[in-house]
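Participant: Quick one: this structure, given as structure tokens, is what I'll be asking you about.
The values are calculated or read from the model by the stated rules, or taken from the named source; none is laboratory data. Not measured: the values here are computed from a predicted model. So basically every Cβ, Gly included, is an ideal-geometry build from the backbone, and we count neighbours across all protein chains shown. Please note that ligands, DNA and RNA were not included when accessible areas were found on the heavy atoms of the full protein model with its side chains. Shrake-Rupley method; radii C 1.70, N 1.55, O 1.52, S 1.80 Å.
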Amino acid sequence: MSIAFPKPDGAILSRRSEIVAGLRRLVAPEALIISEDERRAFETDGLTAYRQIPLAVVLPSSTEEVAAVLRFCNEHGVKVVPRGAGTSLSGGAIPQEDAIVLGVAKMNRVLEVDFSNRIARVESGITNLGISQAVAHEGFFYAPDPSSQLACTIAGNIAMNSGGAHCLKYGVTTNNLLGVTLVLLDGTIVRLGGEHLDSGGYDLLGLICGSEGQLGVVTEATVRILRAAEGARPALFGFEHVNDAGACVAAIIAAGIIPVALEYMDRPAIQICEAFAHAGYPLDVEAMLIVEVEGSDAEIDDMLRRIVAIAEPFNPKTIKVSQSEAESAAIWKGRKSAFGATGRVADYICMDGTIPTGQLPYVLKRIDEIAKSYGLGVANVFHAGDGNLHPLVMFNTNKPGEMEKAEAAGEDILKLCVEVGGCLTGEHGVGIEKRDLMTYQFNAVDLAQQMRVHGVFDPLWLLNPAKVFPLEGRLVEGRLAA
């Protein structure tokens, strides 16, 4: 493994039977998974190159059960890896041998919907798409829409501050989260935020969103639901040159137009997705934009007319405006299937970095150069409107050394994002994947301050301990770890 894990605690491993017996007293028999075969189902997440079989898996059904499990683990020094659906692409839910996995998948109810105040209160194990499905009959939806929205949970969305294709206009998870019920490591249950947009005092809700399960376990969430637009329509723009596509993105944003989505795909991604989805993508272009706008028919026509006018100076080879719901669905099927479709043709690592949109042409050129320098292919598909990149670095896992080359290329791409004024992650989180790159974005003082905040909630690093911060130089109980 090129990404290191801490050495398992032998004392905890030797007490496994005792720990399992203690957990058995706290939850129903079907909520405790202890056989090796069943635990193996939880050994990895979306970053499948890395895996560890956990000590045990606990699937509570209530906030009170979560509190009891965390209290027990805190008292006995047992590490806990919180888990939603396990779709994390950064290794955020990969367990450790001396840690239990605490999954919230059984906690998936809609607790309350208030259409007048446009809020929904849900248990954190509900899927992202499940919220929109629960309110669609009244013409509402939940805005953040990760590509994994069929499977990913709100718990994981909050942990990673997830985004999605339509977050250019509506924002990411933190912009749509009003309150949470949080269980601290000692079993204390706290409620942050509420049913309103802003709370007095410190913004602890903002601290929890994006904390990757290291400060507590979220069991309930209150989120904004929005009235669905009267209509929406995407358009495709195909360009002969990558620079033209990147410059067109910057020009659309600079004109003050905020589409509901503005997605980018390069030639390899277009070909891979078209072969899978048969969406009608142009195969003779180097780059393609999907631009979606919404509103009334008149508003949609006006905005698309303006966007076409903005695009024309960049010489688009293809302009295709959707003329039906079927065409719109096909366009989005191709984009939403990008990760799965790529998996049909190659192993890949999906990177996640964010850059200023004005740097798109330069960064795309450098990404191609980086991949070629390692003898690898790359397919680019990403949220161009807010500069959130998702290069898919392709390799052959059966060829010795290729995965290591892919990881090295991914690191170079993330460093490039930081160099041009961006950051290591836009929506996938740090997890283990970017953990050792944190020193590239933050200096020692910055990291120490973040770890001091972490230490208030979890001084002994029992919650998701191998993630986010480099293993070297960690502060444990306010001091450098030995």
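Participant: Under 20 Å from a point placed 7 Å out from the Cα of Val20 along the Cα-to-Cβ direction: which residues of the range 83-113 have their backbone N that close?
Facilitator: What the label zone holds, given the 20 Å backbone N cut-off, is 95-103.
Participant: For the pair Ile189 and Asp114, what calculated FRET efficiency results from E = 1/(1 + (r/R0)^6), where r is the Cβ-Cβ distance and R0 = 25 Å, to the nearest 0.05? List each step's numbers first, then the result.
Facilitator: Numbers: r = 22 Å, r/R0 = 0.89.
My answer for the efficiency is 0.65.
Participant: In debye, nearest 20, what is the charge dipole magnitude of the chain about its Cα centre with +1 on Lys and Arg Cβ and -1 on Asp and Glu Cβ, if you could check?
Facilitator: Values: 41 positive and 59 negative charges, 142 e Å.
For the chain, the charge dipole is close to 680 debye.
Participant: Based solely on C-alpha atoms, express the radius of gyration and the Dmax of the range 200-346 in angstrom.
Facilitator: In Å, with Rg to one decimal and Dmax whole: 18.5, 55.
Participant: I would also like to ask the following. Using +1 on the beta carbon of Lys and Arg, -1 on that of Asp and Glu, and nothing else charged, what's the dipole of the range 347-482 about the Cα centre, debye to 20?
Facilitator: Working: 12 positive and 18 negative charges, 30 e Å.
Dipole size: approximately 140 debye.
Participant: Put +1 on the Cβ of every Lys and Arg and -1 on every Asp and Glu Cβ in the range 156-301; which of Val217, Asn161, Ala229 then has its Cα farthest towards the positive end of the dipole?
Facilitator: After comparing all options, I get Val217.
Participant: Dipole of the range 193-258, Cα-centred, from +1 at each Lys and Arg C-beta and -1 at each Asp and Glu C-beta, to the nearest 20 debye? Don't skip to the answer; put the middle values down first.
Facilitator: Working: 3 positive and 8 negative charges, 38 e Å.
Its charge dipole is roughly 180 debye.
Participant: How large is Rg/Rh for the range 316-437, to two decimals, with Cα atoms and a Kirkwood Rh?
Facilitator: Working: Rg = 15.5 Å, Rh = 15.4 Å.
My calculation of the ratio gives 1.00.
Participant: Give me the extension gain from Val453 to Glu477: residue separation times 0.36 nm, minus the current Cα-Cα distance, reported in nm with one decimal.
Facilitator: Working: separation 24, 0.36 × 24 = 8.64 nm, distance 1.10 nm.
Between Val453 and Glu477, full extension yields an extra 7.5 nm.
Participant: Another question, if that's okay. What whole-number distance in Å separates the alpha-carbon centres of the range 1-44 and the range 296-310?
Facilitator: Measuring centre to centre over Cα atoms gives 56 Å.
Participant: Can you give me the Cα centroid spacing of the range 241-277 and the range 343-377 in angstrom?
Facilitator: Computed from Cα coordinates, the inter-centre distance equals 15 Å.
Participant: Along its principal axes, what span do the Cα atoms of the range 54-193 show, with the longest given first and each in whole Å?
Facilitator: Taking the Cα atoms of the range 54-193, the three principal extents are 48, 29, 21 Å.
Participant: Of Ser88, Ile34, Leu55, whose Cα points farthest to the positive end of the dipole of the range 29-103 (charges on the beta-carbon: +1 Lys, Arg; -1 Asp, Glu; origin at the Cα centre)?
Facilitator: Ser88
Participant: Mind jotting down the distance between the C-alpha centroids of the range 152-194 and the range 93-128, whole Å?
Facilitator: The range 93-128 and the range 152-194 have Cα centres separated by 10 Å.
Participant: Net charge within 13 Å of Phe276 by Cβ-Cβ distance, Lys/Arg positive one each and Asp/Glu negative one each, not counting Phe276 itself? Don't skip to the end; give the middle numbers.
Facilitator: Numbers: positive: Lys333, Arg335, Lys336, Arg344; negative: Glu274.
Here the charged neighbours net out to +3.
Participant: Near Val285, within a Cβ-to-Cβ distance under 12 Å, what is the net charge of the other residues, with Lys and Arg +1 and Asp and Glu -1?
Facilitator: Values: positive: Arg267, Lys317, Lys320; negative: Glu240, Asp244, Asp266, Glu274, Asp284, Glu286.
Net of charged neighbours comes to -3.
Participant: I've got another one for you. What Kirkwood hydrodynamic radius do you get for the range 340-405 when you take the inverse of the mean 1/r over all pairs of distinct Cα atoms, in Å? Show your work: numbers first, answer last.
Facilitator: Details: mean 1/r = 0.0801 Å⁻¹.
The answer is 12.5 Å.
Participant: Still on this structure: May I ask you to list the residues of the range 320-357 whose amide nitrogen lies under 12 Å from a point 7 Å from Cα along the Cα→beta-carbon direction of Ala275?
Facilitator: 341-347
Participant: Report the FRET efficiency, 1/(1 + (r/R0)^6), for Lys415 and Phe5, where r is their Cβ-Cβ distance and R0 is 22 Å, rounded to 0.05. Walk me through the numbers on the way to the answer.
Facilitator: Working: r = 23 Å, r/R0 = 1.04.
My answer for the efficiency is 0.45.
Participant: Where only protein heavy atoms count, and the probe is 1.4 Å, what is the accessible area per residue for the range 84-186 in Å²? Write down the numbers at each step before the final one.
Facilitator: On the way: 3180 Å² over 103 residues.
For the range 84-186, the per-residue accessible area is 31 Å².
Participant: A further question on this structure: Under a Cβ-Cβ cut-off of 11 Å, what is the net charge of the residues other than Asn74 that fall near it, where Lys and Arg count +1 and Asp and Glu count -1?
Facilitator: Values: positive: Arg71, Lys79; negative: Glu75, Asp186, Asp458.
Overall, the nearby charge balance is -1.
Participant: Probe radius 1.4 Å, ligands and nucleic acids ignored: give me the carbon and sulfur share of the accessible area of the chain as a rounded percent. List each step's numbers first, then the result.
Facilitator: Values: 10000 of 19600 Å².
The nonpolar share, carbon plus sulfur, comes to 51 percent.
Participant: Another one. Are there GluC sites (Glu not before Pro) in the range 56-114 that DSSP marks as loop and that have at most 11 other Cβ atoms within 10 Å, and which are they?
Facilitator: For GluC sites (Glu not before Pro) across the range 56-114 that sit outside H, G, I, E and B with at most 11 neighbouring Cβ atoms in 10 Å, the list is empty.
Participant: Here's another thing I want to ask about it. Give a quick list of GluC sites (Glu not before Pro) in the range 280-358 that DSSP marks as loop, anything other than H, G, I, E or B, with at most 15 other Cβ atoms within 10 Å. Numbers along the way, then the final one.
Facilitator: Details: sites: Glu286, Glu292, Glu294, Glu299, Glu325, Glu327; in loops: Glu286.
Within the range 280-358, no GluC sites (Glu not before Pro) qualify (loop, at most 15 other Cβ atoms within 10 Å).
Participant: Still on this structure: Considering the options Leu289, Val345, Ile300, tell which one lies farthest towards the positive end of the dipole of the range 285-351, charges being +1 on Lys and Arg and -1 on Asp and Glu at the Cβ, about the Cα centre.
Facilitator: Of Leu289, Val345, Ile300, it is Val345.
Participant: Continuing with the same structure: Restricting to the chain, compute how many DSSP beta bridges are antiparallel as a %, nearest 5. Don't skip to the end; give the middle numbers.
Facilitator: Details: 61 of 70 bridges.
Of the beta bridges lying entirely in the chain, close to 85 percent run antiparallel.
Participant: Could I ask something else about it? Using a Förster distance of 30 Å, how high is the FRET efficiency between Ser35 and Glu75, based on the Cβ-Cβ distance and rounded to 0.05? Can you show the working numbers first?
Facilitator: Details: r = 25 Å, r/R0 = 0.84.
The calculated FRET efficiency here is 0.75.
Participant: Taking each pair of different alpha-carbon atoms in the range 395-465 once, compute 1/r for the pair, average those values, and report the inverse of that mean as the Kirkwood hydrodynamic radius in Å to one decimal. Before the final figure, lay out the partial values.
Facilitator: Details: mean 1/r = 0.0708 Å⁻¹.
Hydrodynamic radius (Kirkwood, Cα pairs) of the range 395-465 is 14.1 Å.
Participant: Could I ask something else about it? Along the Cα-to-Cβ line of Ser62, 7 Å from the Cα, sits a label point; which residues in the range 193-233 have backbone N less than 14 Å from it?
Facilitator: No residues fall inside that zone.
Participant: Any idea what diffusion coefficient the chain gets from Stokes-Einstein, in µm²/s, Kirkwood Rh on alpha carbon pairs, 10 °C, 1.306 mPa s?
Facilitator: Values: Rh = 23.3 Å.
Translational diffusion coefficient: 68 µm²/s.
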